[in-house]
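Accompanying notes for the structure given below.
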Ligand SMILES: [Zn+2]
């Protein structure tokens, strides 16, 4: 069996987002087919028959995963490595169940819908989003793509610079084309008219094409403006996803995604403390 090293993720000046996944193939030759890619044998009638060797599917799977451009820091995020710690908020267990069910039902019963993971920083939203992406890419053969919202907007803005030879369309093409897109940290960019238009273009295109979009956001899925609140309440409240991407896109998301609310402690902080203090 041909073995593969895990794909790396290096900063690359040539790729569109400043980062790209590289597939490093270990050149060990498959011991079953000796690198031919086919297994041949003689049937009872004395005729040679053949079938593709199992190493071929493994190779295709690795290529699909590399093409999904999952950053190295998330490559071990799978549904199996998502641990529910003792005393965790029950929403975490429910979120994992929803994620697993989504994978089982994809694509027929999910009908083009995606997932919208909401919750505060560090509760594991990206872990679950990547976990779903990995399963769909590996097991369902889906063409997937991981995309950092802020990085994408930055790259698009950068493409307006005449010295940069990449165009906005070239950057958005893979985002539109991905069968399963993870859009990480939606709303992270300070909103303005241009941000709203760009988000609308991305979400509307994917919605119209019935492509699956999996989104994570630190903002609550509430409308903009804190309607119904008194002025002091409004001033003191946290911004919502409606504030960040506009209410029209918020209601678009309600149509295109299954809502998954998450809550709990910031696991990244806990991990940092553990690393610091042992
Ligand atoms: Zn083989």
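Overview of results
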| item | result |
| --- | --- |
| Candidate set: the stretch 77-97, residues that are surrounded by 14 or more Cβ atoms within 10 Å (Cβ to Cβ) and assigned to a loop (DSSP other than H, G, I, E, B); chosen: the one nearest to the ligand (Cβ to nearest atom) | 78 |
| Among (1) out of contact with any strand residue (DSSP E or B) (no Cβ under 8 Å at 6 or more places or on another chain); (2) on the phi < 0 side of the Ramachandran plot; (3) surrounded by 14 or more Cβ atoms within 10 Å (Cβ to Cβ) - the single one residue 124 does not satisfy | (2) |
| Residue match in the stretch 61-73 (condition: in contact with a helix residue (DSSP H, G or I) (Cβ under 7 Å, 6 or more places away or on another chain), within 16 Å of the ligand (Cβ to nearest atom), at pLDDT 90 or above and over 15 Å from residue 216 (Cβ atoms)) | yes |
| Number of the exception - residue 213 against (1) in a helix (DSSP H, G or I); (2) in contact (Cβ under 8 Å) with a residue 60 or more places away in the chain | (1) |
| Unique residue being surrounded by 16 or more Cβ atoms within 10 Å (Cβ to Cβ) and modelled with pLDDT under 95 when the list is 184, 221, 231 | 221 |
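The values are calculated or read from the model by the stated rules, or taken from the named source; none is laboratory data. Quick caveat, the model's predicted, so the values are computed rather than measured. All Cβ positions, glycine included, derive from the backbone under ideal geometry; neighbour counts span all protein chains shown.
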